[in-house]
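Okay, structure first, notes after.
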Amino acid sequence: MKTRILTISMIFCALLSITAQNDTNTNASNFGIKGGYNLAAVSFDEDSETGQRHGFHIGFYGESFLTESIALQVELMYSQQGYEIEDNGGTFTQKLDYINMPLMFKMYPDDNFFLEVGPQVGLAISHEEEFDSNFNLFDTSQEFEPSSFDWGVNFGGGFKTDSGVSLGVRYHLGLGDIYDEGSPKNRMWQFSIGFDF
């Protein structure tokens, strides 16, 4: 099932990039690679948030202009997410890795600055739990099986040079529960750099 979803996502992204490259009505449709830094956390019951896990994201995007100032961007990204909880007993780290597919609607108020918003779906591809008691004798590992799918909304903005190098910041507001108890939802800041091919 995971392989089928991943294959469909890759084909969709490839088709969008081909469309973008063949679009003769606009000058700026493109395909590229992007990556960057993640600050990920989890919100429990929507009133408390964990500490942040530091990670990264990397993947491909296809941007197709619908008008001179409005674009649609599809991405296929590997993303390290999860959270950390620290107390006097030590540090618990939940490492969640996803294949995410954001669909972003981008508005360019001028040629180089953009604002973006759009939905995102994610497929959990791995998870690992670590507990560091600050005393090796008591370090343990416990399994917390996450939901296979995640979904939410992204908000962001950035700057794109005429040569196709972009710098962006994005906030992911997860809307799907990661686990069955406590209504935990992903929260993440992403800081990215992208390069058009």
Original post:
Out of the stretch 62-80, which residues are closer than 18 Å to LYS185 by Cβ and crowded, with 23+ Cβ neighbours inside 10 Å?
Top reply: SER79
Original post:
From the list TYR98, TYR83, which one is in contact with a Gly (Cβ under 7 Å, 6 or more places away or on another chain), part of a strand (DSSP E or B), crowded, with 18+ Cβ neighbours inside 10 Å and at pLDDT 95 or above?
Top reply: TYR98
Subject >> Residues within the stretch 59-92 that are small (Gly, Ala, Ser), under 19 Å from the mean Cα position of the chain (by Cα) and closer than 22 Å to ALA40 by Cα, tallied >> reply: 3
**OP:** Only residues that are more than 19 Å from GLY182 (Cα to Cα) and either among the basic types (Lys, Arg) or not in a strand (DSSP E or B) (or both): list them for the stretch 33-52, please.
**Re:** LYS34
**OP:** For residues that are among the acidic types (Asp, Glu) and loosely packed, with under 14 Cβ neighbours inside 10 Å, tally how many sit in the stretch 101-120.
**Re:** 2
Original post:
Among the residues of the stretch 127-145, is any part of a strand (DSSP E or B), in contact with a Leu (Cβ under 7 Å, 6 or more places away or on another chain) and either within 30 Å of ASP196 (Cβ to Cβ) or modelled with pLDDT of 90 or more (or both)?
Top reply: no
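The values are calculated or read from the model by the stated rules, or taken from the named source; none is laboratory data. Treat the numbers as computed from the prediction; the structure is a model and nothing was measured. Note that we place each Cβ from the backbone using ideal geometry, even for glycine, and neighbour counts take in every protein chain shown.
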